[in-house]
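Written below as structure tokens is the structure these notes are about.
Every number here is computed from the coordinates shown, using simple stated rules; none is lab data. Note that the structure is a prediction, hence the values are computed from the model and not measured. Because the Cβ atoms are built from the backbone with ideal geometry, glycine has one as well, and the counts that use them run over all protein chains shown.
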Amino acid sequence: MFFFIPYGTDRPARSFPFITYTLIAINVIVFAWQYGVSNSDAVMDRYAFIPNQLNGMSWFTYMFLHGGLSHLAGNMLYLWLFGCALECALGWWIFLPTYLLSGCVAMMLHYSIVMATDPVGANTHLVGASGAIAGLLGMYALRFYQTRIRMWYFVFLLFFIRWGKFEIGSVWFIAIWIAQQIFGAAMSAWSPDVGSHIAYWTHIGGFGLGMLYALLINLQSEGKSEYVLADAVYALDRQDYRRALQLSGEVVKREPANSEARLVHVRSGMHTRPFEDFIPEYESLMKDSLQKHNLELAQALYTELESLYPTNGMDSRLRLAIATCLAQLGDHAGAVRVLQRIIQEAPNSAEAETATLRYAQLLIEQLGRPKEAADALRHFVVRYPNSQWKDFAEQLLAKARQAMRK
């Protein structure tokens, strides 16, 4: 006797998979209700799918019922194992409809096969989330084809007992699983009494829909980009800059909006080509980071660019946005240095007026340097006599003078 049970993967979810956990909770709650009511058989008759007795919404409700605790536990394990990463990769708005549609298509294939070949099965209740989960496996096989599945095994033969852990590639794991379903379906067709308690065609139908949909939305290309990018990051860490540049370039060509790939591309490229060639890309990445409110990345990119190429001639509008970013992150001294560069290097720009006010305000309110602020504000009043911010500048100047008297 032996058991093989998957318990995890090397691909953790990148965000909280709310829909996956919600589906698990719904299935558990329905199971508790299903076996907690006085007449559970009536629940099965009403909400399970019976091919010979098409009943209301049973084509949908059947996937939330289960035939026992082990049935529920096995399905929820697979839903958790494969659903978490898929939901994070696809987004819940694709994940949830695909899950439900897989369950419905799985039921339709089961109905077609059973009605044509299995009179006994046509009067049997169909329950379980496995058809919907099979759709997830079909998508997972293409999207996460390099993922490793962590397995626990237990072997018991007379006096020989062994247990432990091992890993297997996701493609091999899923290939073995679907082969078991096809074999079971063939045996059921050959002899309806063999394996009739397992709806193999439901699994095959859900799996087929999931794989077909993954092919239609080119999900395997997204998976390839992720793995190629991981190789590029590894090459960059090992200072193999040419390979990192080549691999990240492949991803950027396929996905121009992939910020992570562009970042690896520019960081590896500056070691193999003139750095000036990559300044526009640095600035573009900073703009993207600011638009996505990824302030930490914008700060890191700016610091990196300034340290490598101080005379980069950055656009004053972008520099002003970076100053705001640094101030929001609490780096007030850094924000002041950026604002000072705008004032000195682009005194005639539209941003210099705003930069002078923000510069003075930070000096007064955050850094306790009112004398420097007062000098900047006196310069502001002289240079911008008709500014719409003149009253505000005079208020700041009065505040600076008051602080200087203390």
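Rounded to the nearest 0.05, what FRET efficiency do residue 308 and residue 369 give with R0 = 25 Å and r taken as the Cβ-Cβ distance? Could you check?
On the way: r = 29 Å, r/R0 = 1.16.
So, using R0 = 25 Å, E works out to roughly 0.30.
Checking (1) 21.4; (2) 27.6; (3) 26.2 against Kirkwood radius over Cα pairs in Å calculated from these atoms, the matching label is (3). Under 20 Å of direct C-alpha separation, and excluding same-chain neighbours fewer than eight residues apart, residue 253 reaches these lysines: 224, 287. Normalising by residue count, the range 274-405 has a Cα convex hull of 100 Å³ per residue. Which angle from 0 to 90°, rounded to the nearest 10, does the C-alpha axis of helix 130-143 make with the longest principal axis of the chain? The two axes meet at around 50 degrees. For a distance above 19 Å, tell me the whole-number percent of Cα pairs in the range 83-146 that qualify. When every Cα pair of the range 83-146 is considered, 40 percent fall beyond 19 Å.
Computed from Cα positions, the angle between helix 69-90 and the longest principal axis of the chain comes to roughly 30 degrees.
Can you compute the charge dipole magnitude of the range 274-405 about its Cα centre, using +1 on each Lys and Arg Cβ and -1 on each Asp and Glu Cβ, nothing else charged? Give it in debye, rounded to the nearest 20.
Around 840 debye, computed over the range 274-405.
In the elastic network of the chain, a GNM with C-alpha springs shorter than 10 Å, the most mobile of 146, 395, 299 is 395.
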